[in-house]
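The values are calculated or read from the model by the stated rules, or taken from the named source; none is laboratory data. From a predicted model like this one, the values you see are computed outputs, not experimental measurements. Because the Cβ atoms are built from the backbone with ideal geometry, glycine has one as well, and the counts that use them run over all protein chains shown.
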Amino acid sequence: MGWSDVPLNQTGIDQAKKLSKDLQAVRLEVIYSSPLSRTLETAKIVAEPNKVEIIQDGALNERNNGILEGTIPKLEFPDIYHKKTTDPDFVIPGGGESINQHKRRVLDFMENITKISGANIIGISTSNGVAMSILEEYFDKELPTMNMPNSSYYSLDYDGQKLTLKEMPNWLVARYTG
């Protein structure tokens with residue numbers, strides 16, 4: 001979906017409510033969210049029963065797909081779609097981003113958040129593409145090509161120097177343990 005501002009449907013709302021319950025024991029202090037409505041609404045659902053402040057930051061937006069937004073790219077722009085998915089430096093025409101530009105934006109945010117936030121337990125509400133970029137950086141195993149399930153979460157620890165994945169996300173456990 002990229003930067004197309006698509007709201008949550010009822011399935012997404014139900015998933016966010018379940019996530020909110022799952023995270024109550026975590027005791028989040030703040031949630032940083034993409035300003036896109038689907039991620040912001042998820043953040044609000046999680047924040048409300050937990051009484052957590054939400055801070056919006058566009059660095060958490062999904063990859064900007066430029067002229068591919070709102071299209072069926074494989075059919076309408078097959079050459080651009082192929083370059084988009086195979087060349088990490090290919091910038092999508094129409095204001096889009098390359099894979100590497102998107103990843104750098106996200107990872108810069110992650111590096112900065114550890115320095116600028118006074119909170120110890122930080123939530124981030126964002127899309128799968130952003131979450132996968134984060135996992136690719138902090139997970140020492142190859143990730144599956146499929147996206148993570150919606151409204152899933154994982155934990156990172158910060159030791160004052162670097163972020164590391166605290167534990168394997170539930171949706172990856174079966175892949176590596178059984």
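In the range 110-122, is there at least one residue being touching a residue at least 60 places away in the same chain (Cβ under 8 Å) and buried (at least 19 other Cβ atoms within 10 Å of the Cβ)?
Yes, because at least one residue in the range 110-122 is touching a residue at least 60 places away in the same chain (Cβ under 8 Å) and buried (at least 19 other Cβ atoms within 10 Å of the Cβ).
Considering only residues that are part of a loop (DSSP other than H, G, I, E, B) and out of contact with any Leu (no Cβ under 8 Å at 6 or more places or on another chain), which ones fall in the range 95-118?
If the condition is that a residue be part of a loop (DSSP other than H, G, I, E, B) and out of contact with any Leu (no Cβ under 8 Å at 6 or more places or on another chain), then Gly95, Glu97, Ser98, Ser117, Gly118 are the ones that fit.
Take the range 77-94 and flag every residue that is outside any helix (DSSP H, G or I) and buried (at least 17 other Cβ atoms within 10 Å of the Cβ).
Phe77, Phe90, Val91, Ile92
Of these, Pro78, Pro144, Pro88, Pro93, which one is of a type outside the set (A, V, I, L, M), farther than 26 Å from Arg27 by Cβ and modelled with pLDDT under 85?
Within the list Pro78, Pro144, Pro88, Pro93, the selection yields Pro144.
On the basis of being touching a residue at least 12 places away in the same chain (Cβ under 8 Å) and either within 19 Å of Ala131 (Cα to Cα) or surrounded by fewer than 17 Cβ atoms within 10 Å (Cβ to Cβ) (or both), does Lys74 make the cut?
In short, no.
Let me confirm something: among Tyr138, Tyr154, Tyr81, Tyr158, which residue is touching a helix residue (DSSP H, G or I) at 6+ places or on another chain (Cβ under 9 Å), among the hydroxyl-bearing types (Ser, Thr, Tyr) and closer than 17 Å to Ser33 by Cβ?
Tyr154
Can you work out which of the residues in the range 149-174 that are closer than 13 Å to Met110 by Cβ and exposed (fewer than 12 other Cβ atoms within 10 Å of the Cβ) is modelled with the highest pLDDT?
Asp157
Of all residues being of a type in the set (Gly, Ala, Ser) and more than 16 Å from the chain's Cα centre (by Cα) in the range 3-34, which is farthest from Val130 (Cα to Cα)? Just the residue, please.
It comes out as Ala25.
So if I check each of Thr71, Thr42, Thr86, which one is of a type in the set (Val, Ile, Thr) and under 18 Å from the mean Cα position of the chain (by Cα)?
Of Thr71, Thr42, Thr86, the one residue that is of a type in the set (Val, Ile, Thr) and under 18 Å from the mean Cα position of the chain (by Cα) is Thr42.
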